[in-house]
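*Asks:* Quick one: the structure is below, questions incoming.
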Amino acid sequence: MKKFNIRKVLDGLSSVSSPSQSPQPGAKENDLIPETIQSEHFQLCKTVRHGFPYQPSSMAFDPVQKILAIGTQNGALRLFGRPGVECYCQHESGAAVIHLQFLINEGALVSALADDTVHLWNLRQKRPAVLHSLKFNKERITFCHLPFQSKWLYIGSERGNIHIVNVESFTLSGYTIMWNKAIELSSKAHPGPVVHISDNPMDEGKLIIGFESGIVVLWDLKSKRAEYRYTYDEAIHSVAWHHDGKQFICSHSDGTLTIWNIKSSVKPAQTITPHGKQPKDGKKPEPCKPILKVEYKTTRAGDPFMIFSGGLSYDTVGRRPCLTVMHGKSTAVLEMDYPIVDFLTLCETPYSNDFQEPYAVVVLLEKDLVVIDLAQNGYPIFENPYPMMIHESPVTCCEYLADCPVDLIPALYSVGSRQKRQGYSKKEWPISGGNWGLGTQSYPEIIITGHADGSVKFWDASAIMLQVLYKLKTAKVFEKVRCKEDKPNTEIVDEDPFAIQLMSWCPESRVLCVAGVSAHIIIYRFSKQEITTEVVQLLEVRLQCDVNDLESPDGGGDQTPAPPTPITSPSPQNPTPQTHPSTSSNSSDGMRDNIPCLKVRSSPLKQSSGYQVELVVQLVWVSGEPPQQISSLAINSCYGLVVFGNSNGLAVVDYLQKTVLLNMGTVELYGSDPYQRQPRSPRKSRQPSGGLCDINEGSATSEDRCKSPTSVLMSNHQHFYNGGGRGAKMSRKLSLPTELKPDLVLLSVCPPRTAIPLDNRDNSFSRSRSSSVTSIDKESREAITSFYFCETYTRKADGGHTPSLWVGTSLGTLLAISLNMPPAGEQRLLQPVIVSPSGTFIRLKGSIIRMAFLDSTGSFAPPAFEPWCEPNAPANGEERDKVRKRRPVSVSPSTSQELNENQYAVVCSEKQAKVFSLPSQTCAFKHNITETSFVLRADVVQINAGICLACFCANGHIMTLSLPGLRPLLDVNYLPLTDMRIARTFCFTNLGQALYLTSPTEIQRITYSQEVCENLQEMLGELFTPVETPEAPNRGFFKGLFGGGAQSLDREELFGETGAGKAPRSLAQHIPGPGGIEGMKGAASGIVGDLARARLALDERGQKLGEAEERTAAMMASADSFSKHAHEMMLKCKDKKWYQF
């Protein structure tokens, strides 16, 4: 009798109860591989943010710590020290940061927000945290000022009042300067908001207050009255002191500067209109634009500096924003590329009552940070060491590679160092505070960004830093368009025709392939030698198919292999590359045909060391129809092949022999009757233009196209292009969901990643996979969405691994194409590569996004590659011999194993992931990733613990699944709302790293590795470092003897509770900070202080009650004594007659 085993029953129940992930019946028991990777190996957290702060609004500098702080309109706070020391913080409210103020050399920062809150940040920890917050209820904050080495913060309001806050306890003082006390009693008009507050450098007891209307008041803090009032008939924007405290300067809305002596309030001592035209008849100069800010800095050895922004004449139309530096008799006008947000003058001393000795000006622009050297003639700028020019041209796609070859970064740096501009200041970068982290992470990382102007930038991203290595300009390959009238009428986009749409890169061979928005592909090789290319090699490809060939083949099951039908090369192309940009012309009836969208340059191209053009491939117009944009791209250096696809089909190009090997429509890849199928061009009269249309015709502006060129959007097998061909129409349109706007740029990676298909989904739509399709499906195209080169089994009957190309489509089909490669060496350049669809295809639910292959042990089997060697080596040199003798290298571990061992194919679509056993093609594991959303990005990545599949969904979830078992390991709702910018730039890479473009100017890096999260604290830099505060300036013997030096003020006595009382509770609400041990200590000390004050109050109350009790007892004793005396008197006098008294 067979023994009953309860464990098998329980295992069966558990497998039935989890339908989303389970081994399929086809999987053998010995195929199941033990997985070492577990959920505890994963944790999601942000690491570091790079780039220029998006929409900056304010700035501050600590002159002792040498740290710069920048606030933004969305509540972000970016802190910068020496190159490599950066920090990002975020205010919870997201309100704009209107003012920043350092507690100089104290490791703290005060921020004032547009929602009328003031926050105190602790910078003494690696991740700064808020210690205290104060929310004003009845006042709008307009200005803040914190004197050096003071704990009392002045806050000006929109009503014109000034409140004082103790920054230690973050409580309001009872001392308030009301606007009606500050101005003349006879004045009936309100002076406007407070635009400036500062104390006299030589007398802390005198405060200058600037009101917007043009009134300036010198307030005596001790006597609580206005000592002087200065009135000007133009609005004030800013005020600045001379260091001796005897003069101050105001900037006005009419472009004038007024200099006042503090003891002469009748009229200004001097009025200047720096950029105004001086009339000859002595009248006032013509008004100019407002001077928004002025700074007045003195030097010990020469004339003072007056530095201001704005103030240009109104007749300077089209002139760029300027910063003006007036020094003695010289006036320098420095033009900026973007509007000026704020500027600060960096000085040698933090003390305002000493000669300032300015040495640099930090200018915060809307999209850049500029530092000007004031010490050198001509005022050169410093070379900015921060990675702030990510957005020099809008980013359209990203690549991220961790643990890349160790020689790659030095090679890119050596060629990129020759591209650096000259003319920078020779001095060291002045923002030099903080210390680098001591992280143990040592592997090299590279980020590649593609841009709208056709440029590609390589960045060194090792050790959570970012530094530009090399910049490639792909637009040099094409003819320059000097004016809009010269633009060819073949272009399919109105703006940025060279924009990078897809990138595929082989880091080992350093071969780069980029696809542009004008349906062009450029292949580059890396060389350390300069060359001059006489003629750029060009291939033109007609990639179109008939609209009738759109029905998908019958596919009821997961896989339906068709009989293998070898096809060598059905492409109609000439196998030799063209030596001219285009030999085609318009047809006789004026219809554009065989014309590419861009014109390749015909003159010789000088190519400096770095990436050099190997081949240009262009899709051409066919019978008046524009080419469809590239939706997927992959390159393999071992095979010498590049493959690209769009909504019509795919083409395989041999970039070594410069020939087209395969040019087929998607339906032809299924192998159904290929020999009878002739290559067809679309009919001239048909309405749908190959899937090319505008989602909202005429609604996409040129600015939108500049920021995010074309996108592929799928909707129930329907895909749309934003910014598509002219005259293209679609007979039926579908609305897009509100959170998914059509500005998505396609991406691809090497190993090849997918373009990003976005489904326009309605909950009622079901994505049927049957051949019985709706009328919308009949109009649609099956687009190519992903590629993967590998050595594997292409058919069930295969006995061994052969080179192959796997193709994923938007209808969820995975097809295999066989590659018959000639022998390596010279034969590779002479014999043709035979490319033929194998007939194998596998079906999944949703568009295919990612493919990868594992060997029989479950290890990642990467594509074969060719190691890099110098392509321009001398003809007779040893290097050339090595080139001829070397053979392609395959790093696949499975190649050394027995041929009968299995492989696993990992396939991820936008809905599910499947693992297939090869060569049997049975589904071993299956996991439904999402039902209500769809996957935007998926990658097979390696971490130290093992290999996994990482996914990013449109609903914001980040997930990881084990391989090959597809066990869910991590699922975090990271981003609550899907942003198109994030969707098109999100990248996973090895060792638990990922990134995305969080704003048009910033890259956010995150990690999903527990190990990286644990080591992150060590890797981060420190902002605060112990530095001695410089000594105060010497008052001198006579000033100390007779007075006249800086006058100090006991602010504690004046503003403290004993001197000023308490502020009304309704004015502001104190909120303890949430973060950090220091924050807890601060909160605890605040609570202890409150308890101590309460205990003291109780003691005082008890003492007073005791005194009252004693007085009552004394009164009672006195009353008793009086009563006794009265009684005695009564007894004495009781028996006496009246006449006896």
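The values are calculated or read from the model by the stated rules, or taken from the named source; none is laboratory data. Quantities reported herein were computed from a predicted structural model and do not represent experimental measurements. Positions of Cβ are backbone-derived with ideal geometry, glycine not excepted, and every protein chain shown enters the neighbour counts. Note: areas computed on protein heavy atoms with side chains; ligands, DNA, RNA excluded. Shrake-Rupley method; radii C 1.70, N 1.55, O 1.52, S 1.80 Å.
*Asks:* Taking strands (runs of 3 or more DSSP E) that do not extend beyond the range 971-1053, which have at least 3 residues that are of a type outside the set (Phe, Trp, Tyr), touching a Phe, Trp or Tyr at 6+ places or on another chain (Cβ under 8 Å) and at pLDDT 85 or above?
*Replies:* In the range 971-1053, 993-999, 1002-1009 are the strands (runs of 3 or more DSSP E) which contain 3 or more residues that are of a type outside the set (Phe, Trp, Tyr), touching a Phe, Trp or Tyr at 6+ places or on another chain (Cβ under 8 Å) and at pLDDT 85 or above.
*Asks:* Same structure again: Hey, could you check the range 304-350 for residues that are in contact with a Cys (Cβ under 9 Å, 6 or more places away or on another chain) and open to solvent by 40 Å² or more (accessible area, probe 1.4 Å) and say which is nearest to Val363 (Cα to Cα)?
*Replies:* Glu335
*Asks:* Can you spot a residue in the range 356-375 that is in contact with a Gly (Cβ under 6 Å, 6 or more places away or on another chain) and either open to solvent by less than 10 Å² (accessible area, probe 1.4 Å) or farther than 29 Å from Asn74 by Cβ (or both)? Spell out how you get there, then give the answer.
*Replies:* Taking the range 356-375 as the starting set, the residues that turn out to be in contact with a Gly (Cβ under 6 Å, 6 or more places away or on another chain) are none.
No, the range 356-375 contains no residue that is in contact with a Gly (Cβ under 6 Å, 6 or more places away or on another chain) and either open to solvent by less than 10 Å² (accessible area, probe 1.4 Å) or farther than 29 Å from Asn74 by Cβ (or both).
*Asks:* Please go through the range 225-253 and give me each residue that is touching a Phe, Trp or Tyr at 6+ places or on another chain (Cβ under 8 Å) and in a loop (DSSP other than H, G, I, E, B), ordered by number. I'd like the intermediate steps shown before the answer.
*Replies:* From the range 225-253, those touching a Phe, Trp or Tyr at 6+ places or on another chain (Cβ under 8 Å) are 225-227, 230, 236, 239-243, 247-252; that's our starting set.
Result: His242, His243.
*Asks:* Which of the following residues is of a type in the set (Lys, Arg), farther than 18 Å from Asp939 by Cα and buried (at least 16 other Cβ atoms within 10 Å of the Cβ): Arg828, Arg850? Walk me through it before giving the result.
*Replies:* Details: Arg850 fails: farther than 18 Å from Asp939 by Cα.
After ruling out the rest, the residue left standing is Arg828.
*Asks:* Tell me, yes or no, whether the range 589-599 has at least one residue that is at pLDDT below 50, farther than 25 Å from Cys869 by Cβ and open to solvent by less than 60 Å² (accessible area, probe 1.4 Å).
*Replies:* First pass over the range 589-599, keeping only residues at pLDDT below 50: 589.
Going one step further and asking which of them are farther than 25 Å from Cys869 by Cβ, we end up with 589.
Now restrict to residues that are open to solvent by less than 60 Å² (accessible area, probe 1.4 Å): none.
There is no residue in the range 589-599 that is at pLDDT below 50, farther than 25 Å from Cys869 by Cβ and open to solvent by less than 60 Å² (accessible area, probe 1.4 Å).
*Asks:* List the pairs whose first member sits in the range 836-847 and is without any contact (Cβ under 8 Å) to a residue 40 or more places away in the chain, whose second member is crowded, with 24+ Cβ neighbours inside 10 Å and in a strand (DSSP E or B), and whose Cβ atoms are under 7 Å apart, counting only residues at least 6 apart or on separate chains?
*Replies:* If the second residue must be crowded, with 24+ Cβ neighbours inside 10 Å and in a strand (DSSP E or B), no pairs are left.
*Asks:* I'd like the residue in the range 294-303 that is among the hydroxyl-bearing types (Ser, Thr, Tyr) and part of a loop (DSSP other than H, G, I, E, B) and, out of all such residues, is most open to solvent (accessible area, probe 1.4 Å).
*Replies:* Going through the range 294-303, the residues among the hydroxyl-bearing types (Ser, Thr, Tyr) turn out to be 296, 298-299.
Then keep just the ones that are part of a loop (DSSP other than H, G, I, E, B); that gives 298-299.
On the way: Thr298: 6, Thr299: 21 Å².
Going through the qualifying residues, I end up with Thr299.
*Asks:* Name the pairs whose Cβ atoms lie under 7 Å apart, with the first residue in the range 292-318 and within 14 Å of Cys250 (Cα to Cα), the second open to solvent by 80 Å² or more (accessible area, probe 1.4 Å) and part of a strand (DSSP E or B), and 6 or more positions between them or separate chains?
*Replies:* Ser309/Leu292; Gly310/Leu292
*Asks:* Here's something else I'd like to know. Within the range 420-450, can you find the residues that are touching a strand residue (DSSP E or B) at 6+ places or on another chain (Cβ under 6 Å) and closer than 30 Å to Ser518 by Cβ?
*Replies:* Ile446, Ile447, Ile448, Thr449, Gly450
*Asks:* A further question on this structure: Which count do you get for residues in the range 205-226 that are crowded, with 19+ Cβ neighbours inside 10 Å and of a type in the set (D, E, K, R)?
*Replies:* Here the count works out to 2.
*Asks:* Can you name the condition, by its number, that Gly423 falls short on among (1) surrounded by 14 or more Cβ atoms within 10 Å (Cβ to Cβ); (2) part of a loop (DSSP other than H, G, I, E, B); (3) on the phi > 0 side of the Ramachandran plot?
*Replies:* Just one mismatch for Gly423, condition (1).
*Asks:* What is the number of the single condition among (1) open to solvent by 10 Å² or more (accessible area, probe 1.4 Å); (2) touching a residue at least 60 places away in the same chain (Cβ under 8 Å); (3) over 15 Å from the mean Cα position of the chain (by Cα) that Arg937 does not meet?
*Replies:* So Arg937 meets the others, but not (1).
*Asks:* Could you list, in sequence order, all residues of the range 825-848 that are in a loop (DSSP other than H, G, I, E, B) and farther than 26 Å from Lys914 by Cβ? Talk me through it step by step, then tell me what you get.
*Replies:* Start the filter on the range 825-848 by keeping residues that are in a loop (DSSP other than H, G, I, E, B), which leaves 825, 831-833, 844-847.
Hits for the range 825-848 are Gly825, Gln831, Pro832, Val833.
*Asks:* Does the range 255-293 hold any residues that are open to solvent by less than 50 Å² (accessible area, probe 1.4 Å), modelled with pLDDT of 90 or more and part of a loop (DSSP other than H, G, I, E, B), and which are they?
*Replies:* Scanning the range 255-293 gives Gly255, Thr256, Ile262, Pro268, Thr273, Pro274, His275, Pro290.
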